[in-house]
1. Of the residues 51, 76, 66, which single one is modelled with pLDDT under 85, surrounded by 12 or more Cβ atoms within 10 Å (Cβ to Cβ) and at negative phi?
2. Residue 86 is checked against (1) part of a helix (DSSP H, G or I); (2) at pLDDT 90 or above; (3) of a type in the set (Asp, Glu) and fails just one. What number does that condition carry?
3. How many residues does the range 12-41 contain that are exposed (fewer than 11 other Cβ atoms within 10 Å of the Cβ) and over 17 Å from residue 62 (Cα atoms)?
4. Is there a residue in the range 4-11 that is loosely packed, with under 15 Cβ neighbours inside 10 Å and modelled with pLDDT under 85?
5. Residues to consider are 10, 33; find the one that is in contact with a strand residue (DSSP E or B) (Cβ under 6 Å, 6 or more places away or on another chain) and in a loop (DSSP other than H, G, I, E, B).
Amino acid sequence: MDTALTTRAPRPDEAQAVTDLVIACDIHELGEPDFELDDLLTDWHMPGFDLERDAVVVVDGDRIDLLVPSMHADHLRERIRTDCAELLR
């Protein structure tokens, strides 16, 4: 029986699984990993970061298939302004 893909916030106990996914993507895209568990934990423990609000995983049954980091609205607006300014140069 096929399971449906669902989204939810990652759980702290899934940090290694999320790291493994990021590493697999790095190897696919860069040929080698450019990320480790400490990087993820640093991100997840940054001041103002809320795991429930600021990250989303796509899961297929029990398997994490995708990590989608979210951006705060202010940060997203600033990033858009910066990207637009660079395009206009």
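1. Checking each option against the conditions leaves just 66.
2. Here residue 86 meets the rest and fails (2).
3. 6
4. Yes, because at least one residue in the range 4-11 is loosely packed, with under 15 Cβ neighbours inside 10 Å and modelled with pLDDT under 85.
5. From the options 10, 33, the qualifying one is 10.
The values are calculated or read from the model by the stated rules, or taken from the named source; none is laboratory data. Keep in mind that this is a model prediction, so the values were computed, not measured. With ideal geometry, Cβ positions are generated from the backbone for all residues, glycine too; neighbour counts draw on all protein chains shown.
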